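One structure is given below, encoded as structure tokens.
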């Protein structure tokens, strides 16, 4: 579908696998897995404003899916848990996306991204086996260690978030994006913080473009 892409656009690609057809609809008998892919034009306007103003996050009362029910390391297209978490925080903190805690109260990830906190010079993030181990997460950890930062994969608490000097998330559309507000407060959070800025620069150098400027330009052109 590349020929359908506008000159100013970027495409996303989704590759999916299912167990196959549902016996309820086709009757008894063996089924084969189904594999398919689809593309879409990246809606840069969803993140463009946050590249300059920062994103707003809030801790949801909806918990992270228990690992005994859904393995946290898989990318599931069943998004009901994340939808409910986002709806929960939107009612209390309009314009915010959800941070999910697990059953023990440890910080896991947001509804769409991996989450990092910068506290007292260290970069904290949830252990890889408790969240979706995103590619952008892995690259960001590599960049941070190359820059000399201590990266701790650990069971973060809400206190780690509340006492953090910086928060940022990682996800494919924007690589890395800083947070300017947690719950209803921005006090104590630096945006963009020095660690966040250095890591964004590392991403820009790897890709060869200014990722956030590109998102803003695509968003401007898409808006017409």
message: Looking at the structure I just gave you, is residue 77 part of a helix (DSSP H, G or I), out of contact with any helix residue (DSSP H, G or I) (no Cβ under 8 Å at 6 or more places or on another chain) and either surrounded by fewer than 19 Cβ atoms within 10 Å (Cβ to Cβ) or at pLDDT 95 or above (or both)?
response: no
message: under 18 Å from the mean Cα position of the chain (by Cα), surrounded by 13 or more Cβ atoms within 10 Å (Cβ to Cβ) and over 24 Å from residue 75 (Cα atoms): is that true of residue 183 in this structure?
response: yes
In the stretch 1-21, residue surrounded by the most Cβ atoms within 10 Å (Cβ to Cβ) [restricted to those that are modelled with pLDDT under 85 and out of contact with any helix residue (DSSP H, G or I) (no Cβ under 9 Å at 6 or more places or on another chain)]: 5
Hits in the stretch 165-178 (condition: touching a residue at least 40 places away in the same chain (Cβ under 8 Å) and either buried (at least 24 other Cβ atoms within 10 Å of the Cβ) or not in a loop (DSSP other than H, G, I, E, B) (or both)): 166, 167, 168, 169, 170, 171, 174, 176, 177, 178
- request: Report whether or not residue 133 is assigned to a loop (DSSP other than H, G, I, E, B) and under 25 Å from residue 12 (Cα atoms).
  value: yes
- prompt: Which numbered condition trips up residue 146, out of (1) out of contact with any strand residue (DSSP E or B) (no Cβ under 6 Å at 6 or more places or on another chain); (2) closer than 18 Å to residue 52 by Cβ?
  reply: (2)
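Being closer than 22 Å to residue 189 by Cβ and touching a helix residue (DSSP H, G or I) at 6+ places or on another chain (Cβ under 7 Å) is the filter here, so list the residues in the stretch 36-60 that pass it. Walk me through how you get there before you give the answer.
Here is the first cut: in the stretch 36-60, the residues closer than 22 Å to residue 189 by Cβ are 46-60.
Selection gives 47, 48, 51, 58, 59, 60.
Can you work out which of the residues in the stretch 82-112 that are touching a residue at least 60 places away in the same chain (Cβ under 8 Å) and within 17 Å of the chain's Cα centre (by Cα) is nearest to residue 72 (Cα to Cα)?
Applying the filter and picking the extreme gives 99.
Yes/no per residue for (1) assigned by TED's automatic domain parsing to the domain that holds residue 58; (2) at pLDDT 95 or above; (3) part of a loop (DSSP other than H, G, I, E, B):
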| residue | (1), (2), (3) |
| --- | --- |
| 70 | yes, no, yes |
| 87 | yes, yes, no |
| 140 | yes, yes, no |
| 156 | yes, yes, yes |
| 159 | yes, yes, no |
| 180 | yes, yes, no |
field: Residue satisfying all of: in the stretch 50-74; out of contact with any strand residue (DSSP E or B) (no Cβ under 7 Å at 6 or more places or on another chain) and in contact (Cβ under 8 Å) with a residue 12 or more places away in the chain; surrounded by the most Cβ atoms within 10 Å (Cβ to Cβ) among these
entry: 72
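The values are calculated or read from the model by the stated rules, or taken from the named source; none is laboratory data. Please read all numbers here as calculations on a predicted model, not as lab measurements. Every residue, glycine as well, gets a Cβ built from its backbone with ideal geometry; the counts of neighbours run over all protein chains shown.
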